[in-house]
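Single-structure report; data block below.
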Amino acid sequence: MKQLIQKKLQHHMSEYMQELAAATKKISRKHVMEVIQVVMDAYRNERKIFILGNGGAAAIASHFACDLGKNTLARVYDKKERRFQVISLTDNVALLTAFSNDLSFDDIFIQQLRNLISPGDIVIGISGSGNSKNVIKAMKYAKQCDAKTIGLLGFKTGGKLADIVDIKVVVQSVNYGVIEDIFLSIEHIIVWSISHIKEMHDNDHS
C-alpha cells in the first residue's frame, strides 16, 4: 500500500511539473515585455498602479505590489530616489468587507478605484478564469477613466477579460495551481526586469 501511494505521488508530481513547464514555455514574451513597458511608463510619468484579484490572485496582487514598491529600489535609504506609486486593492479588509456587505461583492474593486484613479494610471487585473465579475467591473471602469488596463489571465483563452484589457498575458492551462504559479513567475520577471531598467533610467536622469 505504501509503495502504491509513493508511486502515485511521484506520478502526480511529475505530471504537475510537466504541465507547469509546458505552460511556462507558451507564455508570450512579447506581451510580458509590453507590460514591462507600460509599467515603466507609469513610473516615468508618475502615475499610480493598482493591482487586484480574488483568492489566490488576491495574494498575488499583494505580493506584486510589495515587490514593485520595494524590490525596484536601488538605494532603499536614499530619500531622493523616486518610487513606484503602487497599491494592491486586496489589502484593506475593512473596506473590502464594508463595500461587500453594504453594496455587493462585485463592487469591492470599482468602489476603491472611484476614490483613487486618475487618467493615465495603470490597473492590473489578475484572474485565472478571466470571468470574475468584480474584476471585469473594475477594468471596464478603469477604461472609462482613460487608465491603461493589463490582465494576467488563464484557462487558455483569458475569459471575458481578454476582450476588455489593453494588454493580456494568458496562461495556457486550466489548472489553477499551474496558472497561479506562472502568475507569480510573471510578476517576478516583471519586477526583476524593471529593477534594472529603473536603475538605468534614474542614473540617466540624476
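Consider Ser118 carefully, then state whether it is over 30 Å from Asp78 (Cα atoms) and either small (Gly, Ala, Ser) or modelled with pLDDT under 95 (or both). Answer is no for this residue.
On the given criteria, is Val171 closer than 21 Å to Met40 by Cα and surrounded by 19 or more Cβ atoms within 10 Å (Cβ to Cβ)? Spelling it out, it is not the case that Val171 is closer than 21 Å to Met40 by Cα and surrounded by 19 or more Cβ atoms within 10 Å (Cβ to Cβ). Checked against the criterion of being among the small types (Gly, Ala, Ser), touching a residue at least 40 places away in the same chain (Cβ under 8 Å) and not in a loop (DSSP other than H, G, I, E, B), region 27-46 contains one or more residues that satisfy it. Annotation for region 53-71: no member residue is touching a Lys or Arg at 6+ places or on another chain (Cβ under 7 Å) and of a type in the set (S, T, N, Q). Among the residues of region 142-167, the one identified as outside any loop (DSSP other than H, G, I, E, B) and of a type in the set (Asp, Glu) is Asp163. Scanning region 79-108 for residues that are of a type in the set (D, E, K, R) and either closer than 24 Å to Val35 by Cα or at pLDDT 95 or above (or both) yields Glu81, Arg82, Arg83, Asp91, Asp102, Asp106, Asp107.
When region 113-141 is filtered for residues that are part of a helix (DSSP H, G or I), under 17 Å from the mean Cα position of the chain (by Cα) and touching a residue at least 40 places away in the same chain (Cβ under 8 Å), the ones remaining, listed by number, are Leu113, Asn134, Val135, Ala138.
On the basis of being out of contact with any helix residue (DSSP H, G or I) (no Cβ under 6 Å at 6 or more places or on another chain) and exposed (fewer than 15 other Cβ atoms within 10 Å of the Cβ), does Asp121 make the cut? Against the criterion (out of contact with any helix residue (DSSP H, G or I) (no Cβ under 6 Å at 6 or more places or on another chain) and exposed (fewer than 15 other Cβ atoms within 10 Å of the Cβ)), Asp121 does not qualify. In region 174-185, the qualifying residues are those that are surrounded by fewer than 21 Cβ atoms within 10 Å (Cβ to Cβ) and of a type outside the set (S, T, N, Q), and the one that is nearest to the chain's Cα centre (by Cα) is Leu184. Count of region 68-104 residues, restricted to those that are assigned to a loop (DSSP other than H, G, I, E, B) and under 17 Å from Leu116 (Cα atoms), is 5. From the list Ala74, Ala65, the lone residue that is in contact with a Ser or Thr (Cβ under 8 Å, 6 or more places away or on another chain), buried (at least 20 other Cβ atoms within 10 Å of the Cβ) and of a type in the set (A, V, I, L, M) is Ala65.
So that you can scan it fast, the table gives a plain yes or no per residue for (1) among the small types (Gly, Ala, Ser); (2) farther than 21 Å from Glu180 by Cβ; (3) at pLDDT below 95; (4) surrounded by 14 or more Cβ atoms within 10 Å (Cβ to Cβ):
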site	(1), (2), (3), (4)
His11	no, yes, yes, no
Ser14	yes, no, no, no
Lys30	no, yes, no, no
Val35	no, no, no, yes
Met40	no, yes, no, yes
Arg44	no, yes, no, no
Lys48	no, yes, no, yes
Ala57	yes, no, no, yes
Ile60	no, no, no, yes
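The values are calculated or read from the model by the stated rules, or taken from the named source; none is laboratory data. The structure displayed is predicted, hence computed values, not measured ones. We place every Cβ from the backbone using ideal geometry, glycine too, and count neighbours over all the protein chains shown.
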